[in-house]
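Notes for the one structure printed next.
Laboratory data are not the source of any read-out in this text; all were calculated from the coordinates shown. Keep in mind that this is a model prediction, so the values were computed, not measured. Quick reminder, even Gly has a Cβ in these numbers, built from the backbone with ideal geometry, and neighbours come from all protein chains shown.
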Amino acid sequence: MADQLKELADLPQEFIKDGMQFVSRCTKPDKREFLKISQAVGIGFLIMGVIGYVVKLIHIPVNNILVGGS
């Protein structure tokens, strides 16, 4: 029982220690890296938007034909 309580007490300390190590290793991206990430995210949004539009354009009319339209 005492061992379990000790383990439960150690978990938050370990979590905080690991979190502090993670934050200390993180670096702020420079301008070039930030622009690269922003472009990649923008292209991803654009591709997902096109895919969603095409699915909506094709799926809804086909679904209405199959279901019978209401």
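Assorted remarks:
- Residue match in segment 28-47 (condition: surrounded by 10 or more Cβ atoms within 10 Å (Cβ to Cβ), over 22 Å from the mean Cα position of the chain (by Cα) and assigned to a helix (DSSP H, G or I)): no
- Boolean, Ile16 is assigned to a helix (DSSP H, G or I) and over 21 Å from the mean Cα position of the chain (by Cα): yes
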